[in-house]
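The values are calculated or read from the model by the stated rules, or taken from the named source; none is laboratory data. Predicted model only: the values in this text are computed from it and were never measured. For neighbour counting, all protein chains shown are included, and Cβ atoms are generated from backbone atoms with ideal geometry for every residue, glycine included.
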Amino acid sequence: MEIALRPVVAEDLPLLVGGDAPYDDFGPRPPRTEPYPSVLREFGGMAVCEAAGGLLLGSVSWIWQQWGPMPESRNPMIGIWLRPEARGRGAGTAAQRAVADLFFRHTTVNRVEATTDVENIAEQRALEKAGFTREGTVRGAQWRSGAFHDCYSYSILRADWAA
């Protein structure tokens, strides 16, 4: 599927509700009232749309992580949420690849990472198709649905992306 990334606008917010997938049950959350901040702040995101027609499919977001004290060790951890009608059509793979492209083309990061629930087979496949490598299990990392859940850690490195 051909997708495009664009800034989230206020009109998107009622459609980007989340919470309707088994791996997105984090409990009650207040509705979003503002679009994501600037692309390279601590937390950011973009709308995922069909390339032809611009239909809103969901959003990709990120937070910055740092592996040690050196600023060169800083990298984004990405996440994705798709509207139910957009799932299973390749939009997740395309969007995660596009956001990795964005970071590698416009920053000096060496690594883009993601995590997903160990039972979320669809997201594992999407990340792997997008060029990410599973690195291991992060035990008891995510509180959701009243319990801690294990996640798989994924990354794509600049060298992987360049190849």
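Inspect the stretch 136-153 for any residue being closer than 24 Å to Met1 by Cα and at pLDDT 95 or above and give the result as yes or no. No - not one qualifying residue is present in the stretch 136-153. Here the stretch 63-115 is the region considered, the condition is being out of contact with any strand residue (DSSP E or B) (no Cβ under 6 Å at 6 or more places or on another chain) and of a type in the set (Lys, Arg), and the residue that is surrounded by the fewest Cβ atoms within 10 Å (Cβ to Cβ) is Arg105. For the structure I just gave you, tell me whether Asp150 is in a strand (DSSP E or B), touching a residue at least 24 places away in the same chain (Cβ under 8 Å) and more than 20 Å from Ser61 (Cα to Cα). Yes. Residue-level check: of (1) part of a loop (DSSP other than H, G, I, E, B); (2) touching a His at 6+ places or on another chain (Cβ under 9 Å), Gln142 misses just (1). Taking the criterion of being of a type in the set (A, V, I, L, M) and touching a His at 6+ places or on another chain (Cβ under 8 Å), the only residue of the stretch 77-136 that qualifies is Val118. Applying the condition of being of a type in the set (D, E, K, R) and exposed (fewer than 13 other Cβ atoms within 10 Å of the Cβ) to the stretch 126-163 and asking which residue is farthest from the chain's Cα centre (by Cα) yields Arg139.
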